[in-house]
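Asks: Dropping the structure in here first, questions after.
The values are calculated or read from the model by the stated rules, or taken from the named source; none is laboratory data. These figures come from a predicted structure and were not determined experimentally. Methodologically, a virtual Cβ is constructed for each residue, glycine included, from the backbone with ideal geometry; neighbour enumeration extends over all protein chains shown. Ligands, DNA and RNA are excluded from the accessible area calculation, which covers all protein heavy atoms including side chains. Shrake-Rupley method; radii C 1.70, N 1.55, O 1.52, S 1.80 Å.
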Amino acid sequence: MSAILPPQERVWWKQPLDRVELIWIVVALIWCLIMFFMMPYWHIYGQQNLSNEAYRSKPEDFVRKTEAMIAQYKVREDGGDLKVPVVRPPAGSDVYMVAQLWRWYPILELEAGKSYRIHLMSLDWLHGFSLQPENINIQVHPGYEHVLTVTPTNPGTYSIICNEYCGINHHTMVSRLYVVK
Amino acid sequence: MSVNRMFRTCPTSGLVFHEPAEKLMRWNAVAAVVSLLIGGLLAIGVVLTRWQAVHLLPPDRFYQYLTAHGLNMLVFWIIFFEIAVLYFAGSTLLKARLATPKMAWAAFWLMVLGALVNNYSVLRGDSSVMFTSYAPMGAHPTFYLGLILFAVGALIACFVFLGTLVVAKAERTYHGSIPLVTFGAVTAAIIAIFTIAAGAIILIPTFLWSVGLVPTIDSLMYRTVWWAFGHSSQQINVSAHVAVWYAVAAIVFGAKPMSEKVSRTAFLLYILFLQLASAHHLLADPGLTSHWKIFNTSYAMYLAVLASMVHGLTVPGSIEVAQRQKGFNHGLFEWLRKAPWSNPAFSSMFMSLIGFGFLGGISGVMMGTEQLNLIIHNTLYVPGHFHATVVVGTTLAFMGLTYFLIPVLFRREITFPKMAQWQPYVFGLAMMGVSLFLMGAGTLGVPRRHWDIGFAGNAFAHEFPGAAWLMMALAGITGIIAIVGGGMYLLITVWSVFLGKKIQTPGFQHVRAKDGIAPAPKPVAAAIAAHHPGIGAGGMVAPGTFALAMVFLTAFVLYYFINWKYLSTVWPLK
């Protein structure tokens with residue numbers, strides 16, 4: 001009789017469907033399949049896919065690799081008194097970026113149109129790599145070294161903000177990324 | 001049977017209440033409303049801080065308030081209310097006595113204790129770790145302990161509900177199959193048991209870690225298992241509020257499900273596939289493959305989305321059929337125009353349905369698409385989405401049900417009936433505004449859980465576009481209106497329950513079950529008929545609903561491909 005009473009017909013599963021329901025189920029199912037196949041399609045034909053390459057790393061090893069890169073490719077310092085090193089690694093090279101409470105380290109200067117293998121890892125808690133205003137957002141874990149091949153398109157000054165809550169100074173965790181011609 | 005089985009028949013609704021069950025429903029509902037009050041007060045601080053022009057709280061308070069707001073709303077308000085719904089769907093709808101009321105009381109007090117302990121830990125100030133409490137960021141041990149106690153209580157309550165089904169079956173309190181609403185409640189209970197098991201798997205080791213007995217908690221393991229708890233708990237809400245939609249449609253319109261087979265199969269799809277959604281939160285994480293992400297995030301080819309789309313059609317469809325049979329059979333939408341828009345139970349339920357589908361459902365699929373997640377992950381788009389699903393969807397549906405329950409369960413008249421007519425619109429429309437503006441800000445990159453998007457005094461301050469600031473201000477204004485709407489709900493319910501006019505029915509008396517509750521009527525063997533003669537148009541019984549569904553689908557398809565277009569403009573990644 002109604003949805004709060006037991007079904008009137010004992011063999012309710014034999015009641016044929018109305019046309020409205022049948023058409024909608026078919027249409028909805030087709031749409032669901034289209035949405036499902038969009039994801040593998042984009043892996044083949046699309047440009048924006050998150051890398052599956054990741055390694056377990058120790059914080060001290062990751063810091064060592066980062067420091068080695070800074071020593072080799074540092075071009076200047078930025079941020080006034082903060083003296084954050086700015087590095088300009090060659091195109092195609094492995095680039096390291098540390099996330100820790102509450103900074104991104106170092107600042108990268110990349111060339112537009114060139115690809116870089118960016119290694120992202122946190123040394124302590126979870127952080128969120130959020131590149132603005134591009135709006136690319138990636139989770140950064142402690143102990144998991146995530147390797148992304150990134151190709152910046154337009155020259156300019158970009159910001160990296162932390163968008164995973166990481167404690168009382170979370171909102172101060174912001175840095176730069178420069179893209180030059 | 002020697003057990004004292006006290007029943008009463010509600011003179012207005014004809015529902016049969018088992019008195020111990022009724023008392024439990026009332027207490028669980030009251031605990032729910034108290035949690036809603038606390039969460040609502042905390043929301044004032046959260047809203048007025050993120051509205052940068054006001055920026056009310058200092059950072060430590062802001063993160064503390066946000067943590068407590070999330071827990072009181074997402075966990076305590078909703079689960080207390082859901083337990084009341086389970087007892088209603090089990091005991092009342094099946095006209096059965098509640099299994100083991102003592103265990104149900106133990107469950108209730110454990111939940112109350114858990115909620116208090118957890119709130120205490122956040123109040124201490126050293127557990128502002130957000131609802132998600134991602135390890136290795138640690139909270140005080142009482143934070144996890146409180147959640148564990150609450151979860152154990154909820155688990156016991158789920159088993160009391162399942163026990164009640166066994167009792168009903170054994171004592172033959174109904175004939176044939178259980179009602180659809182109870183079927184939906186069973187779905188919610190099954191998902192709840194899975195959810196709580198996942199919660200135990202992650203919260204118990206994390207508790208042991210917080211007291212120093214376990215050396216480390218892996219952050220990726222934590223997120224993977226925690227979301228099997230965190231996201232699945234929202235799937236309990238979906239099942240529960242869809243069951244409430246069917247219940248309200250049945251109560252207000254006498255609506256009969258268009259087809260039991262379709263609606264029940266859709267609930268079955270929830271049980272089978274909703275649990276995979278833990279992956280929604282891990283799409284931007286390292287260490288998981290795309291195969292895993294695609295299969296899980298899409299609930300195995302979107303079969304749970306299919307189920308929601310089916311409910312989204314069959315609920316208004318059943319209302320349309322009921323209305324057309326009453327004579328509102330002209331044109332496409334007479335049934336909807338002539339619906340009781342001033343009945344808060346109906347208006348809440350209908351706005352819940354529309355808001356959940358258009359805002360919550362569509363945005364959820366966007367975020368849950370592997371690649372699209374890159375331009376959404378951890379931005380304010382996420383809170384925008386879940387304020388549409390959990391607040392407009394679940395909370396508003398529960399509010400609507402309350403307006404029905406106060407007279408039948410608490411036996412009180414609704415005080416301030418005029419205000420009650422307006423309350424769903426104030427709350428629902430404002431909350432839809434909050435959702436939309438938060439999603440807008442998220443699309444512009446504004447992060448969630450962030451005290452200061454102005455980055456005052458920072459050497460590398462990022463400047464968000466003016467539109468993002470405008471969105472934040474609009475979200476603040478609509479947020480305050482929504483809090484006012486929530487306050488109206490609290491005022492009406494608390495006043496009605498404690499001070500409202502008692503409903504007295506002359507000649508009303510309790511009927512003891514052993515003295516003979518009327519046996520359940522045998523269903524009349526009706527001829528199996530698919531078509532309701534003389535209603536509808538174009539060979540459809542519910543053409544208006546079908547038209548609405550097509551509008552929904554068009555919006556869905558357009559917005560989906562707009563997001564892909566937007567994604568294609570960001571930096572290539574691989």
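Asks: Testing the spin-label approximation: label points 7 Å from Cα along Cα→Cβ at B:V211 and A:Y41. State their distance in nm.
Replies: 5.4 nm
Asks: Now for a separate question. Mind checking the mean number of beta-carbon atoms from other chains within 10 Å of the Cβ atoms in A:121-134?
Replies: 5
Asks: Over all residues in B:372-379, what is the mean tally of Cβ atoms on other chains that come within 10 Å of each residue's Cβ?
Replies: Mean shielding by partner chains, rounded to a whole number: 6.
Asks: State the three equivalent ellipsoid semi-axes of region B:315-402, derived from the C-alpha gyration tensor as the square roots of 5 times its eigenvalues, in descending order and whole Å.
Replies: With the √(5λ) rule applied to region B:315-402, the semi-axes are 32, 15, 8 Å.
Asks: As a test of the definition: which semi-axes, in Å, follow for region A:24-181 when you take the square root of five times each eigenvalue of its alpha carbon gyration tensor? Largest first, please.
Replies: Listed largest to smallest, the semi-axes of region A:24-181 are 31, 19, 16 Å.
Asks: A:Y55: net charge of surrounding residues, Cβ under 11 Å, Lys/Arg +1, Asp/Glu -1, itself excluded?
Replies: -1
Asks: Can you tell me how region B:1-178 classifies by the Cα gyration tensor, rounded, prolate or oblate, using a/c under 1.5 as the rounded cut?
Replies: Judged from the Cα gyration tensor, region B:1-178 comes out prolate (a/c at least 1.5, a/b above b/c).
Asks: Related question: Placing +1 on the Cβ of each Lys and Arg and -1 on the Cβ of each Asp and Glu in region B:92-218, which of B:T164, B:A197, B:S210 has its Cα farthest towards the positive end of the resulting dipole?
Replies: Of the listed residues, the answer is B:T164.
Asks: Output the relative contact order of chain A, whole-number percent, from Cα pairs under 8 angstrom with separation of 6+ residues.
Replies: 18 percent
Asks: Need one word for region A:120-168: rounded, prolate or oblate. Basis is the Cα gyration tensor (sqrt eigenvalues a ≥ b ≥ c); a/c below 1.5 gives rounded, then a/b vs b/c decides.
Replies: Taking the square roots of the gyration eigenvalues as a ≥ b ≥ c, region A:120-168 is oblate.
Asks: What does the charge dipole of chain B about its Cα centre add up to, to the nearest 20 debye, if the Cβ of each Lys and Arg holds +1 and the Cβ of each Asp and Glu holds -1?
Replies: For chain B, the charge dipole is close to 1520 debye.
Asks: Still on this structure, I have one more. For each pair in A:K83/B:K565; B:K338/B:K501; B:K169/B:K338, compute the distance between the two Cα atoms and list the pairs where it is over 32 Å.
Replies: Where the Cα-Cα span goes over 32 Å, the pairs concerned are A:K83/B:K565; B:K169/B:K338.
Asks: If I take R0 = 51 Å and measure r between the Cβ atoms of B:F416 and B:N329 in this structure, what FRET efficiency does the formula 1/(1 + (r/R0)^6) give, to the nearest 0.05?
Replies: After rounding to 0.05, the efficiency reads 0.90.
Asks: Show log10 I(q)/I(0) for chain B at q = 0.05, 0.07 Å⁻¹, two decimals, from a solvent-free Debye sum over equal Cα scatterers.
Replies: The Cα Debye sum returns log10 ratios of -0.21, -0.41.
Asks: Mind checking which lysines have their Cα closer than 22 Å to the Cα of A:K114? Skip sequence neighbours fewer than 8 apart in that chain.
Replies: The qualifying lysines are A:K65, A:K74, A:K181, B:K574.
Asks: If I fit a long axis through the Cα atoms of helix B:344-354 and take the longest principal axis of the Cα atoms of chain B, what angle between them do I get, 0 to 90°, rounded to 10?
Replies: Relative to chain B, helix B:344-354 is tipped by roughly 50 degrees.
Asks: Right, something else. List the residues whose amide H sits under 5 Å from the amide H of B:A99, counting only those 5 or more places along or on another chain, with H placed 1.01 Å from N in the peptide plane.
Replies: B:T164
Asks: Between A:K14 and B:L429, how high is the FRET efficiency from 1/(1 + (r/R0)^6) when r is the Cβ-Cβ distance and R₀ = 51 Å? Nearest 0.05.
Replies: Here the calculated transfer efficiency is 0.75.
Asks: Can you give me the long-range amide H partners of A:R56? Hydrogens built in the peptide plane at 1.01 Å from N, cutoff under 5 Å, separation of 5 or more residues or another chain.
Replies: A:E145
Asks: Right, here's the next one. Using only the alpha-carbon atoms, how far is helix A:59-73 inclined from the longest principal axis of chain A? Give it as 0 to 90 degrees, nearest 10.
Replies: It works out to around 50 degrees.
Asks: From the phi of every residue in region B:93-100, what ³J(HN,Hα) in whole Hz does the Karplus formula 6.51 cos²θ - 1.76 cosθ + 1.60 yield, where θ is phi - 60° and glycine or proline is x?
Replies: Using θ = phi - 60°, the values come out as 5, 8, 6, 10, 6, 6, 5, 6 Hz.
Asks: Just name one of B:A21, B:L57, B:L123: the one whose Cα is farthest towards the positive end of the charge dipole of region B:1-178 (beta-carbon charges, Lys/Arg +1, Asp/Glu -1).
Replies: Checking the options against the dipole of region B:1-178, the answer is B:A21.
Asks: Please give the net charge around A:W102, taking every other residue with its beta carbon less than 12 angstrom from that of A:W102, where Lys and Arg add +1 and Asp and Glu add -1.
Replies: -1
Asks: Another one. Taking amide H atoms as placed 1.01 Å from N in the peptide plane, list the residues 5 or more away in sequence, or in a different chain, whose amide H sits under 5 Å from that of A:Y96.
Replies: Those qualifying (amide H under 5 Å, at least 5 residues apart or on another chain) are A:H119.
Asks: Just add up the charged neighbours of B:L282: K/R +1, D/E -1, any other residue whose Cβ is under 14 Å from the Cβ of B:L282.
Replies: After counting each charged neighbour, the total is -2.
Asks: What is the distance in Å between the Cα centres of region A:114-133 and region B:221-296?
Replies: 32 Å
Asks: Between B:M103 and A:A112, with labels modelled 7 Å along Cα→Cβ, what's the label distance in nm to one decimal, could you check?
Replies: Computed distance between label sites B:M103 and A:A112 equals 6.8 nm.
Asks: Please give the length that would be gained between B:T289 and B:K565 if that part of the chain were fully extended, namely 0.36 nm times their separation in residues minus their C-alpha to C-alpha distance (nm, one decimal).
Replies: 96.9 nm
Asks: Leaving ligands, DNA and RNA out of it, rank B:L37, B:L162 by accessible area with a 1.4 Å probe, largest first.
Replies: Accessible-area ranking of B:L37, B:L162, largest first: B:L37, B:L162.
Asks: Which angle from 0 to 90°, rounded to the nearest 10, does the C-alpha axis of helix A:19-45 make with the longest principal axis of chain A?
Replies: 20 degrees
Asks: Starting from the Cα gyration tensor of region B:284-348, take the square roots of the eigenvalues, sort them a ≥ b ≥ c, and report rounded, prolate or oblate (rounded when a/c is under 1.5, otherwise prolate if a/b is larger than b/c, else oblate).
Replies: It is prolate, given that a/c is not under 1.5 and a/b is the larger ratio.
Asks: Over the protein assembly as shown, one equal point on each Cα, no solvent: what is log10 I(q)/I(0) by the Debye formula at q = 0.04 Å⁻¹?
Replies: So the normalised log intensities are -0.17.
Asks: Shifting gears a bit: Using the Karplus curve 6.51 cos²θ - 1.76 cosθ + 1.60 with θ = phi - 60°, what ³J(HN,Hα) values do you get for each residue of region B:318-328, in whole Hz, with x for Gly and Pro?
Replies: Values per residue, Gly and Pro as x: 5, 5, 4, 4, 4, 5, 5, 5, 7, x, 7 Hz.
Asks: For the pair A:I70 and A:K58, how long in nm is the line joining their label points, each one 7 Å along Cα→Cβ?
Replies: Roughly 2.0 nm, to one decimal.
Asks: Just to check I understand the Karplus step: with θ = phi - 60° and J = 6.51 cos²θ - 1.76 cosθ + 1.60, what whole-Hz values come out for region B:61-77, glycine and proline as x?
Replies: Listing the rounded values in order: 5, 4, 5, 5, 4, 5, 4, 5, 4, x, 5, 5, 7, 6, 9, 6, 4 Hz.
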